[in-house]
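Notes to accompany the following structure.
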Amino acid sequence: METQKPQDHRLAELSGEPSAKPGCADCLSLVVARRSARSHGNYSGVSDRNVELRRHHVVAH
Ligand SMILES: [Zn+2]
């Protein structure tokens, strides 16, 4: 049974952040690292992960 989830991906896109491609472990690990950095108040870390994620999207997707 499908449950309603907050639209994390859409919110991320609207705020200008790249989101994970479904089924890609590399995307997922970067998104998890970004979330962890943000939860620690490490905004330069968040920015770095976004740069890595965009670069990964270019080369891998
Ligand atoms: Zn990916």
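Throughout, read-outs are computed from the coordinates displayed, never taken from laboratory work. Because the structure is predicted, anything quoted here is derived from the model rather than measured. Every residue, glycine as well, gets a Cβ built from its backbone with ideal geometry; the counts of neighbours run over all protein chains shown.
Observations
- Test item: Cα-centred dipole of the stretch 19-60, Lys/Arg +1 and Asp/Glu -1 on Cβ, debye: 100 debye
- Chain lengthening between His61 and Ser29 when straightened (0.36 nm per residue, less Cα-Cα): 10.0 nm
- For the stretch 19-60, dividing the convex hull volume of the Cα atoms by the residue count gives 49 Å³ per residue.
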